[in-house]
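Working notes, beginning with the structure itself.
Where a number appears in this text, it was derived from the coordinates with a stated rule and is not lab data. As the structure is a computational prediction, the values presented were derived from the model and not from experiment. Cβ placement follows ideal geometry from the backbone for every residue including glycine, while neighbour counts extend to all protein chains displayed.
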Amino acid sequence: MGDAVTDQPVLSLRDVHKSFGPVEVLHGVDLEIRAGEVLALIGENGAGKSTAMKCLAGYQPVTSGRIVLDGREVTFASLHEGEAAGIVLIHQEFNLAEQLTVEQNIFLGRELKKGLLLDKPEMRRRSRQYLDRVKCRVDPDTRVSELSNSDKQMVEIAKALGRDARVLIMDEPTAVLTNAEAAILFEQVEALRANGTAVVFTSHKLGEVKQIADRVSVMRDGRVVQTAPVSEMSEDEMATAMVGRDVSDLYPEKHAVSEEAPVLLRVAGLDVPGFAEGIGFSLRAGEILGIAGLVGSGRTEAMEGLCGLRPAQAETIEIGGTQVQIRKPADALKHRLCYLTEDRKLRGLLLEKGMRENLTLQALQKFGGVLIDQRAEEQALTQAIAEFDIRAGRRDVAVGNLSGGNQQKLLLAKVMQSDPKILIVDEPTRGIDIGTKQQIYAFLSDLAASGHGIVVISSEMQEIIGLSHRVLVMRQGQIAGELAGEAITEEAIVRHAMGVGADANERAA
């Protein structure tokens, strides 16, 4: 690990408490961050990790306790004061101005000047330099709103590199990155650590924690419950410390799907212009069908086209044996075909609204249509909170203030209000902790066992393998292979995804 580690912490929290109104979310947190070290901060969604990071960086004031920098107590009135002291936070939620260019975002608030004028050539040169360090090929003149989520994350990282941070705090930096992009990020972390920068890193991917961290601090329910060298904790031990229970059996046992089970969905010749072509598959009652493939393979776009969320056409779409036409999302809902988006924050939930409004939005007719029965809505929310274990300090909390895992469970509860018979879930556990993953996996398995048909799109190979009865692998907008049963292996999925010759015996009808 890093040779530049010192015993004296460069930054620490001492007995820090943080409350939002009457709700205390941090209860006496102690953290020490040392120069030349990567400290992993892990825990379930809602454990207090993001709040602790924001207190470290000056983004949130502490309610009580101390922040100590270089042995001296400090108070940051704002994020800018934290950055001036060399503490830079890369937010879990993108902190970019969507309508500005990449270059403008990188230098926003600290523009370079030559006399009275902006030094645009120098800002352009440095922008390209920072982007090159993270191997991000976007044009600095590109408007941020036109970038993919992974490119936005790399711009955030490039922006932070330009701050010359003494302490770099990264809140879920790899949640939207591909494995290749995450590897590039880790190269930069290694370089920063070698130069004596202190790095605080949080991730729900415990393999990443084992790979990159020196020490790990585990948070649960607003407290630090364990801190240890990462070499002394296995991934299973980390997971158990996070959730307070054994999560070694992450995936439920797969139930058998009868060959006589009715076909709920049959698709032939589905084309989504520019993204997917000739997509065909079937889905039986009780089956979980996984869709795998590299980023850009057309997985999401194909299913969005099927559900009327983007322009598409198909030779045949049959639901329950009856041919149907789906031109808009309402058509899909009418046929009890529901889609759970991969982007819960921009497309799945209204973050400024409460849980009740979000829960019932997709099924308002069920609650009176024009004249909404709020009492019925409240009853539905009570049931959803219990069924999906949604944890919130108050029922009327703005959804944007919920943790990512609780947002995801609310989104799943919202989709289930439409009473789907066929459910398509896109990246169902992205950016959520292992305990919540276990809950969602159990729900999907139980839903399939009750006779529903489930399609799971995921970039996590083990998730696809652990849940699916069959797997379709997409490549360049087409289905490159189909796997079933014991043939569903990581090696086989990768071969199909990369276009390497696969054994014809692995194909299933």
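I212 falls short on exactly one of the conditions (1) among the aliphatic types (A, V, I, L, M); (2) under 28 Å from F443 (Cα atoms); (3) touching a residue at least 12 places away in the same chain (Cβ under 8 Å); (4) out of contact with any Asp or Glu (no Cβ under 7 Å at 6 or more places or on another chain), and that condition is (2). From the list E73, E37, E83, the one residue that fits, being within 18 Å of V200 (Cβ to Cβ) and either surrounded by 23 or more Cβ atoms within 10 Å (Cβ to Cβ) or without any contact (Cβ under 8 Å) to a residue 40 or more places away in the chain (or both), is E37. Within region 391-401, if we keep just the residues that are touching a helix residue (DSSP H, G or I) at 6+ places or on another chain (Cβ under 7 Å) and closer than 21 Å to V243 by Cα, the residue that is surrounded by the fewest Cβ atoms within 10 Å (Cβ to Cβ) turns out to be R391. If M238 passes every condition in (1) in a helix (DSSP H, G or I); (2) within 20 Å of N95 (Cα to Cα); (3) over 18 Å from the mean Cα position of the chain (by Cα) but one, which one does it miss? For M238, the failing item is (2).
Scanning region 390-422 for residues that are under 18 Å from V25 (Cβ atoms) and assigned to a loop (DSSP other than H, G, I, E, B) gives I390, R391, A392, G393, R394, R395, D396, V397, L402, S403. Can you pull out the residues in region 222-255 that are surrounded by 15 or more Cβ atoms within 10 Å (Cβ to Cβ) and basic (K, R)? Listed by number, the residues that qualify are R223, K254. I'd like to check something: does region 292-313 contain any residue that is surrounded by 23 or more Cβ atoms within 10 Å (Cβ to Cβ) and touching a Ser or Thr at 6+ places or on another chain (Cβ under 8 Å)? Yes - at least one qualifying residue is present in region 292-313. Of the listed requirements (1) closer than 13 Å to V200 by Cβ; (2) touching a residue at least 60 places away in the same chain (Cβ under 8 Å); (3) within 29 Å of the chain's Cα centre (by Cα), V10 misses just one: (3). Scanning region 364-390 for residues that are touching a residue at least 40 places away in the same chain (Cβ under 8 Å) and out of contact with any helix residue (DSSP H, G or I) (no Cβ under 7 Å at 6 or more places or on another chain) yields one hit, K366.
Return yes or no: is V425 in a strand (DSSP E or B) and within 23 Å of the chain's Cα centre (by Cα)? It is true that V425 is in a strand (DSSP E or B) and within 23 Å of the chain's Cα centre (by Cα).
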